[in-house]
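Some notes on the structure that comes next.
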Amino acid sequence: MTHLTRTLFVTFIFAAACERAKSFDLVVVNGRVIDPASGLDAVRNVGVSGGRVTAITREPLSGTRVIDAKGLVVAPGFIDLHQHGQQEESYALMVRDGVTSALELEVGTGDVADWYAQRARGQIVNYGVSVGHIRARMKVLKDPGTGLLPAGVGGSGVASEAQIAEMESILRKGLAEGAVAVGFGSAYTPGATMAELGRMFRVAAEGNASSHIHMRNGVAGLDSTIAAAAAAHAKLHIVHVNSSGDTSLVAFLAHIQAARDRGQDVTTEAYPYGAGMTEIQSALFDDWKTWPDAKFALHQLVSTGERLNRKTFEEARKKGGTVIIHGRSEEQTRIAIVSPLSMIASDGFIENGRGHPRTSGTYSKVLGKYVREEHALSLMDAIRKMTLMPAQRLEARVPAMAAKGRLRVGADADLTIFDPATVIDRSTYENATIPAAGIPIMIIAHTSTVAASHWKRIGTR
Ligand SMILES: [Zn+2]
């Protein structure tokens, strides 16, 4: 018998044995399986092999590992399109909140190859990044900022034609290196004209990439951003509609819907908190000297948890750091979360134990407060906003996303298993690192390889 024949024989026996025993690497039994793509919402057994879902059935299954999910929901893993906390400390909290894929698509990076190289030794969640106009602008205009955002000329400076061309080439290079999208923050770059932004939208469109923007100037700014994206044939994603829409939220959502009705590719997202957070040296606060005294008290310094006044705000602005901004109503938050237009995305960030509770509580808060307690959203709709919608947002550029955000045979086995009766956020503005409750089991498929060069993921826990 030749070596080749023997090998084939062994393979055949192995395959036959598997067929008889229907054995899987892992089976999740008795769970309430919810898949927003197919509409499935029923008790099923799920078989996983080779990092993929290979069976969903009423029949009993056996596997090397068995998880009994009786009374629990089995959903596709949550996909967060807006997560600045891209280090292990944040990933560890996100995973407890049900997130299996965390992407930094708003600010992004100016050096995509280096960003991926820094994480290449393995992380517990799938991760990805955009190439960011903000970061490219900071580099080209030589901004003095040391954080994520411009602290001077990178935000307020007006770029020359040569500098705009240099930003375009940084974006093109990032896309060639596997950026998932292109990030923008026109609110943080008031010096960037709509013509400059239009040039960057064109680069994103060339790469078939979505443009994720933290935009400026409320409804008027939204209209000009939508028009610039339409002229560039760019796919547009407006980040955190709850804060960008603010007191004009209803009109804001209506204008996004109107653009969609005209056939334009415009999407949006929201996080379930009444307070935002950003860097205190950013352009958002350039007018701070004109504020009435009462406005300072809405600002809470992240490093200490203290509420600020005129004097302490001035001191903190000189020093740098992040600040939480209170002031939106619960009604605004609910409208943004419930809108059929909005995906759920955290805009989270944690560093050295300090940050915003949305980093560790966004998904559990939507499921506990808006689905269970308030019945403001169905469980199916909430899961759709956390899984299928964000996967679909990226699919044109990242084909691998077609295997995520769904729970069907052939999908990646990224699964979030939670208790719908107890799931809830526990983090606070003073302590953002308390893990969510009621999400006892996470499964993240790391064993399959993904062909798309635009999507980088790791093979070990
Ligand atoms: Zn953000």
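The values are calculated or read from the model by the stated rules, or taken from the named source; none is laboratory data. Owing to the predicted nature of the structure, the values given are computational and were not obtained by experimental measurement. Note: ideal-geometry Cβ built from the backbone for every residue, glycine included; neighbour counts use all protein chains shown. Please note that ligands, DNA and RNA were not included when accessible areas were found on the heavy atoms of the full protein model with its side chains. Shrake-Rupley method; radii C 1.70, N 1.55, O 1.52, S 1.80 Å.
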Here are some residues: GLY178, GLY174, GLY191, GLY221. Which one is in a helix (DSSP H, G or I) and farther than 15 Å from GLU106 by Cβ? GLY221
Would you mind telling me which numbered condition in (1) away from the ligand (no atom under 16 Å from the Cβ); (2) part of a strand (DSSP E or B) LYS139 fails? (2)
If we keep just the residues of the range 268-289 that are within 13 Å of the ligand (Cβ to nearest atom) and of a type in the set (Gly, Ala, Ser), which is nearest to ARG358 (Cα to Cα)? GLY276
Give the residue, chosen from GLY108, GLY85, that is within 16 Å of the ligand (Cβ to nearest atom), in contact (Cβ under 8 Å) with a residue 40 or more places away in the chain, closer than 18 Å to ILE434 by Cα and not in a helix (DSSP H, G or I). GLY85
Looking at (1) within 16 Å of the ligand (Cβ to nearest atom); (2) under 22 Å from TYR188 (Cα atoms), find the lone condition where PRO357 falls short. (2)
Name the pairs: first residue in the range 240-254 and under 12 Å from LEU341 (Cβ atoms) and away from the ligand (no atom under 15 Å from the Cβ), second residue part of a helix (DSSP H, G or I) and among the small types (Gly, Ala, Ser), Cβ to Cβ under 6 Å, at least 6 apart or on different chains? PHE252/GLY245
Please find, within the range 53-71, the residue that is nearest to the ligand (Cβ to nearest atom) out of those that are closer than 18 Å to PRO36 by Cα and either aliphatic (A, V, I, L, M) or in a loop (DSSP other than H, G, I, E, B) (or both). VAL53
When you look at ARG199, is it of a type in the set (Lys, Arg), touching a Pro at 6+ places or on another chain (Cβ under 9 Å) and either in a helix (DSSP H, G or I) or open to solvent by 10 Å² or more (accessible area, probe 1.4 Å) (or both), yes or no? no
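Pick from the range 157-195 the residues that are among the β-branched types (Val, Ile, Thr) and either under 22 Å from PRO390 (Cα atoms) or surrounded by 16 or more Cβ atoms within 10 Å (Cβ to Cβ) (or both): which of them is farthest from the ligand (Cβ to nearest atom)?
Only one residue fits best here, namely ILE164.
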Test: residue in the range 91-100 that is open to solvent by less than 10 Å² (accessible area, probe 1.4 Å) and within 16 Å of the ligand (Cβ to nearest atom): yes
Single condition PRO144 does not satisfy, out of (1) open to solvent by 10 Å² or more (accessible area, probe 1.4 Å); (2) in contact (Cβ under 8 Å) with a residue 12 or more places away in the chain; (3) more than 16 Å from the ligand (Cβ to nearest atom); (4) closer than 26 Å to GLU279 by Cα: (2)
Scan the range 72-81 and tell me whether some residue there is surrounded by 22 or more Cβ atoms within 10 Å (Cβ to Cβ), aromatic (Phe, Trp, Tyr) and either under 16 Å from ARG384 (Cα atoms) or more than 16 Å from the ligand (Cβ to nearest atom) (or both). yes
Selected residue (only one of ALA382, ALA376 is more than 16 Å from the ligand (Cβ to nearest atom), open to solvent by less than 20 Å² (accessible area, probe 1.4 Å) and free of Cβ contacts under 8 Å to residues at least 60 places away in the same chain): ALA382
